[in-house]
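In what follows, a single structure is set out as structure tokens and then discussed.
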Amino acid sequence: MKKFIVYIAAILLAFPVKADEGMWFLMHIKRLNQVDMQKMGLQLTAEEIYSVNNSSLKDAIVQFGGGCTAEIISSEGLVLTNHHCGYGTIAELSSPQHNYLKDGYWAATKKDELKPKNLSVRFFVRMDDVSKRILSKVNDKMTELERETAINKEIAVIEKENNEGGKYTVSVRSFYQGNEYYYFVYQDYKDVRLVGTPPETVGKFGGDTDNWEWPRHTGDFAMFRVYADKNGNPAEYSENNVPLKPKHYLPISLKGVQENDFAMILGYPGRTNRWMPAGGIEQNVKYAYPAWVEGAKTGMDNMKKYMDKNDEIRLNYASKYASTANYWKNRQGMIDALSKFGTAQSKAKQETKFDKWANKPANKAKYGNVVATINNYYALTNDKAKHDNYLQQLLRTSSYGAISRGLGKQFENYAKADVAKRKEMEGRLNEMIDGFFDKLHIPAEKDILAAQLNLYATKAVNYPLAPIVIDLAKENNNNFTSYVNNAFDLSLFSSKERMKAFLMLPNEVLVTNDPLYLLSDNLMIHFNTKSEEIEKAQNDYSAAFRLLVEGLRESKLAPIQYPDANSTLRLTYGKVMALPADKRNDAKINNYTTMEGMVKKYKAGDDEFDLPTRLLDLYKQKDFGQYADKKGYMPVNFLTDNDITGGNSGSPVLNGKGELIGLAFDGNIEAMAGDVIFDPKLQRTINVDIRYVLWLIDKYAGAKHIIDELTIVK
Ligand code: ARG
């Protein structure tokens, strides 16, 4: 026993892991986290969370639609994720007549489940460390390009070795800025159908006003089902497909949460930059993010003008608008938090220490220039960062901004092809055209493009603008409205009819001289071109950043022991944890919210704070069934101190037994510096209480058959 304790102490000393912060690899939990987690309340072993040979918790966690996380919650492939993760799909399946975004939807039987065009979930099979293998292929004399080429060659081999003839998708990713490499084996299922969703008034309650804020009252969930062929393998959609029998699904706990309860989250965090140098933070705060915010708002305002006109336009732009608005607010929060906490300054201090260490005789040859090289790169690219962000928002919010790359290129290829090849391309092109115009409203597109061009031409200064924009700005006195109107009048890309007519009578010059194609092509080329000076600085920077991270780890000057998020599966663990008392929250402890608080926020007919009449009636009757807290209130959302970021949306929050207690769906605005630096005092994860989710399904939607499918632990 004594030996065991000494052993544990040694482990704790060797890995002074700080609880709560950290996005951990599943294959490292046993070595790095298990002891700590069990001390905090975990009752599972590392093997029960991640096992290569036996079913384990990880088999119930999927990446959803490429960008979110979801979990399997029944033996028949039922998938739970956030409403905002299903948002685009729900909008796609809706029409003004059957508006599921507005009214919600619950499939009465499996036959009524709705198949969207493209939606897949990705299961995680296993992972392993291939750092040694990959790094043995490179040396310090290589340029970054040579290095990349050598690495990609080895990656291709590793992928081939592990994909079992195409059964699996294998992805090799770099960590710690190119100092480590791991491969991940996945299995993708493409037949995923909508089972149910609450109306937007519930699923997005609080809208953009409450987004990224606590106290919160959002029923941010939607439900899907994975289908497979008869043998349980992935299959394209077919009526003959059957619900997937998963290796594991999550039981659901109705016991509720209390301060300091253990809570862990498994999911796919998208991106953190915890190793980002001071210069990068400074560049983001002063150059990149302000441009992002302004460009996003310009797009949003021009979408909104038209969305408010009718339901069809609103449905078409709902998803683009929501994702633009989400990061519009996030980036403002980041500017505020990073400035307020002086994050760049404290990173700069760390870099000064590092520079001292780096210039010791033993380290100088390798690390001596690292900090100077990094700072040089940022100084050289500040204005470019601003420019690129304006341009990026143009390309993201305008459907025509990047048309040269998608439909435009296809049209060019089609025109150049011979008759046989054209025949072959025709079907796919027709589909692309229909898909493109499905979600478009030309008057809105004209306004978005003109407004973005105006903004870009006048604000993205101190860095060369795209040549075509310089000319047009001069000709039009920085007002692009009439130019854009003309371009739409002349362009073959401005209507479905014109595009389909072109397929009958293709002509290469017609594409390459098309005004919208020319504009887009010029913008895209410009976006991807840089001066030799910047090219060189970027090359040096990549090498220096990799060395900075290597050196920070070697010198132990950075306490971080986990790699940055990059959309690979991670586990984060911590506790249910309140924020300091807040007058806006009437709950007894500021770690949960109640339906009472939600109803107090209710504003009839409001864009963001309306609620369904049925929900209000049930609330009045206090019809909470088995879902109320033992203290009597109906819970809505709660807080944990888990370390998550965008991409974790929809992730399961699990108790010590691995039972589902909620879904992670947001973070708090005060902690928006979190992607760069984790602050244990401020950073919280905002979760939907699973009891509210089940109450909505059971009492509000009356979908009892779904409740019967679940394994509920009381
Ligand atoms: N902030 C959330 C996230 O990034 C998205 C919330 C969506 N809700 C909204 N009101 N836009 O995961």
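Key figures for this structure:
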read-out: Any hit, region 301-316, residues being at pLDDT 95 or above, under 30 Å from Glu200 (Cβ atoms) and within 20 Å of the chain's Cα centre (by Cα); value: no
read-out: Residue among Tyr619, Tyr633, Tyr562 that alone is among the hydroxyl-bearing types (Ser, Thr, Tyr), in a loop (DSSP other than H, G, I, E, B) and either in contact with a Leu (Cβ under 6 Å, 6 or more places away or on another chain) or farther than 30 Å from Trp24 by Cα (or both); value: Tyr633
read-out: Any hit, region 111-131, residues being under 25 Å from Met23 (Cα atoms) and free of Cβ contacts under 8 Å to residues at least 12 places away in the same chain; value: no
read-out: Region 495-512, residues that are outside any helix (DSSP H, G or I) and closer than 13 Å to Ala415 by Cα; value: Leu505, Pro506, Asn507
read-out: Unmet criterion (only one of (1) under 22 Å from Asn522 (Cα atoms); (2) surrounded by 15 or more Cβ atoms within 10 Å (Cβ to Cβ)) for Arg422; value: (1)
read-out: Single condition Thr529 does not satisfy, out of (1) under 29 Å from the mean Cα position of the chain (by Cα); (2) in contact (Cβ under 8 Å) with a residue 12 or more places away in the chain; value: (2)
read-out: Which numbered condition Ala671 misses (of (1) under 30 Å from Ala278 (Cβ atoms); (2) within 15 Å of the ligand (Cβ to nearest atom); (3) in a loop (DSSP other than H, G, I, E, B); (4) hydrophobic (A, V, I, L, M, F, W, C)); value: (3)
read-out: Qualifying residue in region 271-286 (condition: within 16 Å of the ligand (Cβ to nearest atom), modelled with pLDDT of 95 or more and part of a helix (DSSP H, G or I)); value: no
read-out: Residues of region 634-668 satisfying the condition of being of a type in the set (Phe, Trp, Tyr) and more than 14 Å from the ligand (Cβ to nearest atom); value: Phe638
read-out: Those residues of region 42-76 which are in contact (Cβ under 8 Å) with a residue 24 or more places away in the chain, in contact with a helix residue (DSSP H, G or I) (Cβ under 7 Å, 6 or more places away or on another chain) and assigned to a helix (DSSP H, G or I), in sequence order; value: Glu48, Ile49, Leu57, Lys58
read-out: Sole exception among (1) farther than 30 Å from Lys320 by Cα; (2) touching a residue at least 24 places away in the same chain (Cβ under 8 Å); (3) of a type in the set (Gly, Ala, Ser) for Ser95, by number; value: (1)
read-out: Near pairs, Cβ below 7 angstrom, 6+ apart or cross-chain, from region 215-226 (farther than 15 Å from Thr201 by Cβ) to any residue that is of a type in the set (Gly, Ala, Ser) and away from the ligand (no atom under 12 Å from the Cβ); value: Pro215/Gly597; Met223/Gly196; Arg225/Gly77; Val226/Gly77
read-out: Odd one out for Gly165, checked against (1) within 26 Å of Asn118 (Cα to Cα); (2) within 16 Å of the ligand (Cβ to nearest atom); (3) more than 20 Å from the chain's Cα centre (by Cα); value: (2)
read-out: Pair list, Cβ under 9 Å, 6 or more apart: region 619-640 residue within 14 Å of Asp689 (Cα to Cα) and in contact (Cβ under 8 Å) with a residue 60 or more places away in the chain, other residue small (Gly, Ala, Ser) and surrounded by fewer than 18 Cβ atoms within 10 Å (Cβ to Cβ); value: Phe624/Gly632
read-out: Residues located in region 571-610, provided they are hydroxyl-bearing (Ser, Thr, Tyr) and either within 16 Å of the ligand (Cβ to nearest atom) or loosely packed, with under 12 Cβ neighbours inside 10 Å (or both); value: Thr572, Thr593
read-out: Hits in region 308-338 - residues which are over 22 Å from Gln392 (Cβ atoms) and without any contact (Cβ under 8 Å) to a residue 60 or more places away in the chain; value: Asp308, Lys309, Arg314
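Every residue, every condition in (1) more than 20 Å from the chain's Cα centre (by Cα); (2) more than 16 Å from the ligand (Cβ to nearest atom); (3) within 26 Å of Lys699 (Cβ to Cβ); (4) in a strand (DSSP E or B), yes or no:
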site	(1), (2), (3), (4)
Gln187	no, yes, no, yes
Val192	no, yes, no, yes
Gly196	yes, yes, yes, yes
Glu213	no, no, no, no
Met223	no, yes, yes, yes
Val226	yes, yes, no, yes
Pro234	yes, yes, no, no
Ser238	yes, yes, no, no
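The values are calculated or read from the model by the stated rules, or taken from the named source; none is laboratory data. All figures in this text were calculated on a predicted structure; none of them were measured in a lab. Neighbour counts run over all protein chains shown; Cβ positions are idealised from the backbone, glycine included.
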